[in-house]
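Inspection log for the structure reproduced underneath, given as structure tokens.
The values are calculated or read from the model by the stated rules, or taken from the named source; none is laboratory data. This one's a predicted model, so the numbers in the text were calculated from it and none came from an experiment. Note that each Cβ is placed from the backbone with ideal geometry, even for glycine, and that neighbours are counted across all protein chains shown. These area figures cover heavy atoms from the full protein model, side chains too; ligands, DNA and RNA do not enter into them. Shrake-Rupley method; radii C 1.70, N 1.55, O 1.52, S 1.80 Å.
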Amino acid sequence: MFTYTLRRLAFAVPTVLVISLIVFLMLDMAPGDPTGSLPLTIPLEVREQIRQALGLGDPVLVRYFKWLHMMVIIEPSHMLANATGWNIAIEGPRILSWQTRSPVGDIIVQRIPQTLWVVGLGYLFGILIAVPIGVISAYKQYSWFDQTGTFISMVGFSVPTFFTGVVFILIFSVWLGWFPSMYDTTHRVRDWDSFLFQVRQIAMPVAVLALFNASQISRFMRASMLDNLNQDYVRTARAKGLMERTVLLVHVLRNSMIPVVTVIAIGIPTVFTGAIITEQIFRVNGLGDALIRAIYVSDWPMVQTITFIFAILIVLFNLIADVLYGILDPRIRYE
Amino acid sequence: MPDGALPVLDVRNLKTVFRTRAGEIHAVNSVSFQLRPGELLGVVGESGSGKSVTMMSLIGLLPSPPAEVRDGNVMLGDKDLLKIGEDGLRAIRGRDVGFVFQDPMTSLNPVFTVGFQIMEPLRRHMGMDKARARKRAVELLELVGIPDAERRLKDFPHQFSGGMRQRVMIAIALACDPKVLIADEPTTALDVTIQAQIIELVKGLREKLGMAIIWITHDLGVIAGIADRVMVMYGGQVAEHGPVREVFANPAHPYTRALLKTVPKLREPRADKLRVIEGQPPMLGAHPTACPFRARCEHAFERCARENPPRREIGAGHDVACWWDHRTGEPV
Ligand SMILES: Nc1ncnc2c1ncn2[C@@H]1O[C@H](COP(=O)(O)OP(=O)(O)OP(=O)(O)O)[C@@H](O)[C@H]1O
Ligand code: SF4
Ligand SMILES: [Mg+2]
């Protein structure tokens, strides 16, 4: 298992390097002086800082390594220091956002919690709903439960989140007035009432994402369960006289979870990127919102950084999926 | 095999139907047989003749729907397995009746250790705690001839060869000392040399443990080597049944006679010879009102299409379902 993990890791590192090079070149290859297109309102000294940060004048490779150093060492150290309060920030030139002129790491650290809460809860609830639905649907194939589930997940999966989002706002905020339509990021939970408010304002974006994710995952779960229910080992389990519950929830589920867990892990980063739209609709100022704004005002360092973060997440969760696969499937683990 | 001893298993008029979209399939039609303590009953018949469905019907292993056991009695001791319900059957399966399936490569759960899978029926039926079940599992692995049993408990199925996996399956089936072991083509998926080893193993286990065995196979050579009695199935019915020597020496049913002709010498390498008989297996769309073998039978005559022949006794414990008398060559 250890060598298996190492081998996967050995694949992941060059992948990340190649991605970083592409992301770096994205800006570097752009014609002209990148600071030339900066708004004129930027003071000269800031302009100079930016030039230094970009390392203009050095050969490409040198500029790349300087940038990489900032991107994977300095900024993350500041982000960690910010998030934890530990004194671990590494001094050095920072990647500055052209729009706000503060380091990108500082902005991103402020944005991550909102995204994590909304997206994370949306995914978590999606999984919690999807697994039992998938299991029951498969076990009672073609029952009314299965048919209803299939229909709802078809709808949930094929209707884009921006549409469900708007429909939810229309029904639950405008008509019924149950939930606020906008997410107030400045809201702090202090007592019971403010906690309830937080629950109410997070409910709709989470529900929209949970519905979408549950639709997808429950289909996977169902298909995987059906695959396994027809396997010979299920008949063996029944021939042993095991309780139907044990056959289903121990023997079949344990096997069915292998591909589903992998899909769930691989899906996590796409959920981040996919949630960009949901964040826009509910005005959650998370990472996706930061990315959209940065694109509008051509704040390339910000775009680069968030793109890079998403890319890293994809590689990371692919790695995690591989490792989980190895943990869950002894045939892989012992190869 | 003491004659006259009370049978462990007494099956009467078993009828199993599959309800499919395309209509009903009458897979098993009025099958009756008995199994006496400690005896080995061989079951032969071509593919689709209803061997597996018959045996799985006994202990409720068929998926329902589409399967429906429509008629019959299955007495295991004093319990009627068709009346005790799903919970009752669950208590019987793996305890009083052990089952070994054809394909050892897929019959074990790939994500659990072999030890776990052997211990499961012990904990379920015998109420053993982990430690005791473990001890028993080691004994069982040793019993079926797996070396280094203690250590191998922790291994997963894919770490065993096909023959070793079938030994594990046998260990699972025997875990709770069943009265009846049903082996459904346990060696078909294995190499010839491994086949012989498994057959020797079961022979030995039978002497040691004394359970009754039902052995389904396509291989008449195996039947000749290990069975006490043989039951020949055709089209979901029992065509002929009797003591092995008697049936092999005086086959009465035209199907059995054709089968035996396709087996040249017992010691030659065997292939799947039951398929060599000319013609198609019968359609099983309705309860048969004629002899299912008549389309392929060289002795068929007018009555065979009119009436399904009942089983009639032609010797001590030897019966045949046919309107034709093999001794006279005339209709009975
Ligand atoms: N799940 C099912 N649905 C519908 N029909 C079935 C099903 N299982 C078996 N049958 C039918 O029952 C009949 C008997 O099948 P069975 O598996 O008992 O044959 P068999 O004698 O064991 O053959 P083999 O030697 O190939 O194992 C076949 O005609 C088959 O079409
Ligand atoms: S009953 Fe008739 S058709 Fe059937 S096996 Fe006997 S002779 Fe042949
Ligand atoms: Mg079969």
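Values as computed for the structure displayed
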| read-out | value |
| --- | --- |
| Gain on full stretching of the segment that runs from A:Leu313 to A:Arg254 - 0.36 nm per residue minus C-alpha separation | 18.6 nm |
| With Cα atoms, 0 to 90° folded angle of helix B:114-125 axis to chain B main axis | 80 |
| About the Cα centre, charge dipole magnitude for the protein assembly as shown (Lys/Arg +1, Asp/Glu -1 at Cβ), debye | 700 |
| Virtual spin-label span in nm between A:Val174 and B:Lys83, 7 Å along Cα→Cβ | 6.8 |
| Length added when fully stretched, A:Thr186-A:Val72, from 0.36 nm per residue minus Cα-Cα | 38.1 nm |
| Average projection area in nm² (convex hull over Cα atoms of the range B:51-106, one quarter of hull surface) | 4.5 |
| Normalised contact order of chain B, rounded percent, pairs of Cα under 8 Å and 6 or more residues apart | 20 |
| Occluded residues from the range B:108-129, i.e. those whose accessible area drops by 30 Å² or more once the chain is not alone (1.4 Å probe) | B:Asn109, B:Pro110, B:Val111, B:Phe112, B:Glu120, B:Arg124 |
| Simple label model, 7 Å out from Cα along Cβ direction - B:Ser161 to B:Glu139, nm | 2.8 |
| Degrees between helix B:192-209 axis and first principal axis of chain B (Cα, 0 to 90, nearest 10) | 80 |
| Within the accessible area of the range B:75-131 (1.4 Å probe), percent carbon and sulfur | 54 |
| Free-standing Cys residues across the protein assembly as shown, given no other cysteine C-beta under 4.7 angstrom | B:Cys176, B:Cys297, B:Cys322 |
| For the range B:47-163: relative contact order, % (alpha-carbon pairs under 8 angstrom, 6 or more apart) | 22 |
| Accessible surface ranking that places the most exposed of B:His26, B:His326 first, with a 1.4 angstrom probe | B:His326, B:His26 |
| For residues of B:92-105, the mean tally of beta carbons on other chains within 10 Å | 3 |
| Surface accessible to a 1.4 Å probe, B:Arg19 within the full protein complex, Å² | 140 |
| Burial order of peptide ranges B:28-39, A:260-271 (average beta-carbon count within 10 Å, highest first) | B:28-39, A:260-271 |
| Pairwise burial A:B, computed as accessible area of each alone minus the pair, summed, 1.4 Å, Å² | 2200 |
| Modelled FRET efficiency - R0 45 Å, A:Arg7 with A:Gln280, Cβ distances, 0.05 increments | 0.65 |
| Within the accessible area of the range B:278-332 (1.4 Å probe), percent carbon and sulfur | 54 |
| Reachable lysines, given that their alpha-carbon falls under 26 Å from the alpha-carbon of B:Lys135 and they are not under 8 places away in the same chain | A:Lys240, B:Lys154, B:Lys179, B:Lys203, B:Lys208 |
| Per-residue SASA entry for A:Met243, accessible area with 1.4 Å probe, Å² rounded to 10 | 70 |
| A:Ile314 accessible area, assembled protein chains, probe 1.4 Å, Å² | 80 |
| Residues A:Leu128 and A:Phe195, FRET efficiency given R0 of 25 Å [Cβ-Cβ distance, rounded to 0.05] | 0.75 |
| Per-peptide average of other Cβ atoms within 10 Å, ordering B:90-99, B:46-55, B:135-144 highest first | B:90-99, B:46-55, B:135-144 |
| Nearest-ten-degree value, helix B:162-174 long axis tilted from longest Cα axis of chain B | 90 |
| The range B:222-266: C-alpha gyration tensor shape, a/c 1.5 cut-off, then a/b vs b/c | oblate |
| Solvent-accessible surface ranking, highest first, for B:Arg306, B:Arg294, A:Arg94 at 1.4 angstrom | B:Arg306, B:Arg294, A:Arg94 |
| Whole-percent pair-distance distribution, where bins are 10 Å wide, for the alpha carbons of the protein assembly as shown | 3, 12, 18, 17, 13, 11, 10, 8, 5, 2, 1, 0 |
| Per residue solvent-accessible surface (Å²) - the protein assembly as shown, probe of 1.4 Å | 48 |
| Karplus-derived HN-Hα couplings along the range A:258-263 (A = 6.51, B = -1.76, C = 1.60, θ = phi - 60°), whole Hz, x at Gly and Pro | 4, x, 5, 4, 4, 5 |
| R0 of 35 Å, Cβ-Cβ distance A:Asp106-A:Ile266: FRET efficiency to nearest 0.05 | 0.70 |
| Heavy-atom accessible surface of the range A:117-249: percent carbon and sulfur, 1.4 Å | 70 |
| Neighbouring partner chain Cβ atoms per residue of A:323-331, average, 10 Å criterion | 2 |
| Calculated over chain B: convex hull of Cα atoms, volume per residue (Å³) | 138 |
| Cα gyration tensor shape for chain A, rounded if a/c is under 1.5, else prolate or oblate | oblate |
| Full-extension gain in nm, B:Thr193 to B:Ser64, via 0.36 nm per residue minus C-alpha separation | 42.7 nm |
| Rg(Cα)/(2.2 N^0.38 Å) for the range A:256-335, N = residue count | 1.40 |
| Largest-first ordering by accessible area, 1.4 Å probe, given options A:Thr41, A:Thr185 | A:Thr41, A:Thr185 |
